[in-house]
Amino acid sequence: MTEKTVDHLIERLDGLAPSTAMVLGSGLGGLVDRIENPVRVSYADLPGFPSSGVSGHAGEVVAGLFSGTPVLMLSGRAHYYEHGDAAAMRPVLEVLAGIGITKLILTNAAGSVDPEMPPGSVMLITDHINFSGTNPLIGEPSDRRFVGLTEAYDAGIRQAIERAAKATGTALHKGVYMWFSGPCFETPAEIRMARIMGANAVGMSTVPEVILARFLGLRVAACSVITNLAAGMTGAELSHQETKDMAPVGGSRLATVLQHVFRDKLLES
Ligand code: HPA
């Protein structure tokens, strides 16, 4: 299945050969509008790709020039909480590796555990805590499953993002992302725990993709846009509507930073 999908996607890309892919989180799909001459392929046309059922996630591959560099964007991801499958993104990442992608930049919407990192902030993920109790490599029979995650988040890509943030005058927080399974939001007690454990932000995605990317040998980096202060920090109840409404605020900041990464070819230096 993967090989067929690889061939099909290569054909649809019609000579475009991106080495970087980006996964766009909830409310961040607007990034695809910054792609020139986009080729759009619906996930429905790509066997193995998820039929994402989360509102705010479109479910298509959009590839083209992003600040003059060939880039492939995935608008829409599968989440563990949809079907209880932590490896739901594995076929997608295998296809990306198959078409020659070597670098992966993941984005997500997240809640902040830190009052000093308010909604609208952008956080470069430096490390993660897998609090889900599961792992996308469970069931993988080969010894390749023993993936080292000491330096999961690629130093070179992180440096490029930090340089771009500086160059564009964008405040860039750095911190640890803690993966909760979802789909409920956390309780205030869980958020107090997360803070004690060293998390800066909490969310329901990204970590399985980081693990799968490292398994497949892709260089990976990830950024969160903060849509809310986490449960119990303001007295207000959380909602997915708030996530969708607030993601574009930090999302446009993140888009500016990422555009600069490619415009100045920072990933190549
Ligand atoms: N918790 C988990 N996931 C999230 C949050 C949150 O507060 N905000 C956006 N995604």
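The values are calculated or read from the model by the stated rules, or taken from the named source; none is laboratory data. Only a predicted model underlies this, so the values are computations on that prediction, with no experimental measurement involved. All Cβ positions, glycine included, derive from the backbone under ideal geometry; neighbour counts span all protein chains shown. The protein model used for the area step is the full one, side chains on, heavy atoms only, and it has no ligands, DNA or RNA in it. Shrake-Rupley method; radii C 1.70, N 1.55, O 1.52, S 1.80 Å.
The table below gives the values:
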item: Strands (runs of 3 or more DSSP E) wholly inside the range 1-87 that include at least 2 residues being open to solvent by less than 10 Å² (accessible area, probe 1.4 Å); result: 20-24, 60-66, 69-75
item: Residue within the range 198-211 that is modelled with pLDDT of 95 or more, over 20 Å from the mean Cα position of the chain (by Cα) and closer than 14 Å to Ser112 by Cα present; result: yes
item: Any hit, the range 149-165, residues being open to solvent by less than 60 Å² (accessible area, probe 1.4 Å), among the acidic types (Asp, Glu), farther than 28 Å from Arg253 by Cβ and assigned to a loop (DSSP other than H, G, I, E, B); result: no
item: Any hit, the range 90-113, residues being in a loop (DSSP other than H, G, I, E, B), farther than 28 Å from Tyr43 by Cα and more than 17 Å from the chain's Cα centre (by Cα); result: yes
item: Check on Glu242, within 27 Å of Ala167 (Cβ to Cβ), open to solvent by 50 Å² or more (accessible area, probe 1.4 Å) and free of Cβ contacts under 8 Å to residues at least 40 places away in the same chain; result: no
item: The range 205-232 - residue that is within 9 Å of the ligand (Cβ to nearest atom) and not in a strand (DSSP E or B) and, of those, farthest from Ala165 (Cα to Cα); result: Ala231
item: Qualifying positions in the range 234-252 - more than 9 Å from the ligand (Cβ to nearest atom) and more than 19 Å from the chain's Cα centre (by Cα); result: Thr234, Gly235, Ala236, Glu237, Ser239, Gln241
